[in-house]
Amino acid sequence: MGYANLQSCLLDLERTGQLVRIADEVDPRLEAAEIQRRVYQAGGPAILYERVKGCRFPMVSNLFGTLERTRFLFRDTIDLVKRLVELKIDPAVAMQSPVRYARAFPVAWAMQPKFVRSGPAIACETTLDQLPQLQSWPDDGGPFITLPAVYSENPNQPGWQKSNLGMYRVQLAGNEYEPNRQVGLHYQIHRSIGVQHAAAIRRGEPFRVNIFVGGPPALPLSAVMPLPEGLSELTFAGAMSGRRLRMIRRPGGLPIAAEADFCIVGTVDPERQLPEGPFGDHLGYYSLVHDFPVLNVEKVYHRKDAVWPFTVVGRPPQEDTSFGEIIHEITGPAIPSVLPGVKAVHAVDAAGVHPLLLAIGSERYVPYASERTPQELLTQANAILGQGQLSLAKYLLIVAGEDNPELDIHDIAAFVGHLLERVDWERDLHFQTRTTIDTLDYSGDGFNQGSKLVIAAAGRPRRELAREVPADLRLPEGFRDPHVVQPGILAVTAPECRERADGVLRRFCADGDAAGLPGGFPLIVLVDDAEFTARTLNNFLWVTFTRSNPASDIDGIDAFTEEKHWGCRGPLVIDARIKPHHAPPLIEDPEVTRRVDRLGAPGGPLHGIV
């Protein structure tokens, strides 16, 4: 049986040596976040902060800090939930192995919430300014809730069955918010809460929202689960807990998770939005100040033994990486049933998730053809880009599984190498311009606006990829320091970008020296620091795919446009320099770093961990 609440989870982690307590006072402004980042990078335990400066509530972080610990938290239910997914894909498997699947049915029963009259979550009341005022990065606009589970219901179909539980960051104070009365509710495009909010506006009704913090670990995991619109995440929370999620009925209001540690109750202001942010986000940059919905707060509840769980986002990997890994582990087998012909997809965490999506598809349209070319792959690419949050992908790289049945989509270097050996830049580039991209991605034309690129490759290898920079390599004037990222990819340091359209990319591609670049490097990336970019694969993925907008930042050697199709006969070139319109990258406060260094010194509570 899974955990009923956060308290039983913390006791279990401590009993098994997976939680460390810090008795020293820790400042929720920057210091706690710095500790979390350092502990996560070290693969360390969950951290319980017993004394939080300016606050009477303890905090805990790094609950999901490793995939192994995340599996441990759900060890009683994860295999049973996987079997339910298998049954959804093919109900006939239960007849083939009835004993294996029989144990999954009690989990299915747990998917229905149990409604009660009262519970620990509403035992006490407090105010917003008494909550931990967590600030993760120096230029954040104020304190934020970083592990919320935001509950709402569809006004057209009230009740839990069509409810939504999502993880949308919440700004507790700062900017223009009225102290102790208002919080900022940041939800991005392609989120189910937006559908419900739109319905409330059409009906002229107040849009009620409850924000849960804490509770059983299944609650935050469910809030990030990409379930189909209209299917409540409460069902998944019950399944992962192995017990029915208890919900407190409230006359005239939304139900409250009975075992939550905190609950903020309110109504979204129907008439205005207020500036929210900045906030150091999971792409590794600040998301800037924009107007977002405001929650007018009515009540702030908490349980008597409340603990405030938090996480920190920033340049990946961070703790939220574990969420993505466990979600893929559970739902990955269902991909072929949702997207026929697609064998696997992988949203690349190191690139910020939405900027880069890899896919392995099938090429079966003309199996008798002597040469395999991308055809069905393009159908599958369109299906992927029409599927929920996958539609936010900026770069989609898709290959045919028939070309290498052993190709592992999680071996990114091998996948990219496979594509670069086969891709035909004259044929295989497919752009979508002036479309939506991830709200947090500032590489595009404006807020939520940018472009997409599908690269589809199939068939036999057409080139051998170069592994070394030729000794006689000549670069156009002003470009220097070429470094091999991996076979076939060359990073080149380019002049600093001082204005949005500075012509540097076109100048590089049009230069006579560029025309002589070896064909063994089909991909060239112009960057601010080639050595840094090529130092690790993760650096390359982060720099290239978070700092480029396909429509404006891609060019090529001997480029052409033919019947509205763009391609190039030589290497493809991506301009991945930082541009003036990009959001600033996240940088830690040196003084806070020194304070955390002292905690990790001999005799400090984190010695041996950081």
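Some observations on this one:
- Extension gain, E562 back to L11 (0.36 nm per residue minus Cα-Cα distance, nm): 191.8 nm
- Relative to the longest principal axis of the Cα atoms of the chain, helix 320-331 runs at roughly 90 degrees.
- Highest to lowest packing among 315-325, 125-135, scored as the average C-beta count within 10 Å: 315-325, 125-135
- Label-to-label distance, nm, for residues given as V116 and R463 (7 Å Cα→Cβ offset): 6.3
- Shape category assigned to the range 428-473 from the gyration tensor of Cα positions, a/c cut at 1.5: oblate
- The charge dipole of the chain, taken about its Cα centre with unit charges on the Cβ of Lys, Arg, Asp and Glu (plus for the first two, minus for the last two), comes to roughly 2220 debye.
- ³J(HN,Hα) computed for each position of the range 562-567 - Karplus, 6.51 cos²θ - 1.76 cosθ + 1.60, integer Hz, glycine/proline x: 9, 6, 6, 9, 9, x
- Helix-only CD estimate at 222 nm, as mean residue ellipticity for the chain, using -39500 (n - 2.57) per DSSP H run (n ≥ 4): -7000 deg cm²/dmol
- Accessible area expressed per residue, the range 446-566, with surrounding protein chains retained (probe 1.4 Å, Å²): 47
- Each listed q (0.15, 0.19, 0.21, 0.25 Å⁻¹) maps to a log10 I(q)/I(0) for the range 529-577, found by the Debye formula over equal Cα scatterers with no solvent: -0.47, -0.68, -0.77, -0.92.
- Relative to the Cα centre, the charge distribution of the range 479-557, modelled as +1 at Lys and Arg Cβ and -1 at Asp and Glu Cβ, gives a dipole magnitude of about 140 debye.
- On the principal axes of its alpha carbon atoms, the range 566-610 extends 62, 24, 11 Å, with the longest extent given first.
- Near R29, the amide H atoms lying under 5 Å from its own belong to Q135; only residues 5 or more places off or on other chains count, and H is placed 1.01 Å from N.
- Estimated FRET transfer efficiency (Q375, T331; beta-carbon r; R0 35 Å; 0.05): 0.80
- Taking every alpha-carbon pair within the range 497-610, the share separated by more than 26 Å comes to 39 percent.
- Between the Cα long axis of helix 412-422 and the first principal axis of the chain there is an angle of about 30°, rounded to the nearest 10.
- Packing here is the average count of other Cβ atoms within 10 Å per residue, and on that basis the peptides 461-469, 581-589, 191-199, highest first, run 191-199, 581-589, 461-469.
- Once you divide the Cα radius of gyration of the range 314-382 by 2.2 N^0.38 Å, the number left is 1.36.
- Size check on the range 116-190: the Cα extents along the three principal axes, sorted descending, read 41, 35, 21 Å.
- Summarising the amide proton neighbourhood of V116: residues at separation of 5 or more, or on other chains, whose placed amide H is nearer than 5 Å comprise M247, I248, R249.
- Ligands, DNA and RNA are left out, and with a 1.4 angstrom probe the accessible area of the range 374-418 is 35 Å² per residue.
- Cα shape, the range 385-491, gyration tensor, a/c 1.5 rule: oblate
- Percent RCO, i.e. relative contact order, over the range 419-506, from Cα pairs under 8 Å lying at least 6 residues apart: 23
- Both the radius of gyration and Dmax for the range 319-473 are 16.1, 51 Å, in that order, over alpha-carbon atoms.
- Ratio of Rg to Rh for the range 254-403: 1.11 [Cα atoms; Kirkwood radius as inverse mean 1/r over pairs].
- Its relative contact order, with pairs defined as Cα atoms under 8 Å and 6+ residues apart, puts the chain at 13 percent.
- Surface share of carbon and sulfur [accessible, 1.4 angstrom probe, percent] for the chain: 51
- Between helix 537-546 and the chain: long-axis angle, C-alpha atoms, 0 to 90°, nearest 10: 90
- The range 213-304: C-alpha gyration tensor shape, a/c 1.5 cut-off, then a/b vs b/c: oblate
- A protection proxy built from the mean count of other Cβ atoms within 10 Å ranks the segments 539-546, 110-117, 397-404, 386-393, most packed first, as 539-546, 397-404, 386-393, 110-117.
The values are calculated or read from the model by the stated rules, or taken from the named source; none is laboratory data. Here the structure is a predicted model, which is why all the values come from computation and not from measurement. A quick note on method: Cβ atoms are made from the backbone with ideal geometry, for glycine too, and the neighbour counts reach across all protein chains shown. All accessible areas refer to the heavy atoms of the entire protein, side chains included, with ligands and DNA or RNA removed. Shrake-Rupley method; radii C 1.70, N 1.55, O 1.52, S 1.80 Å.
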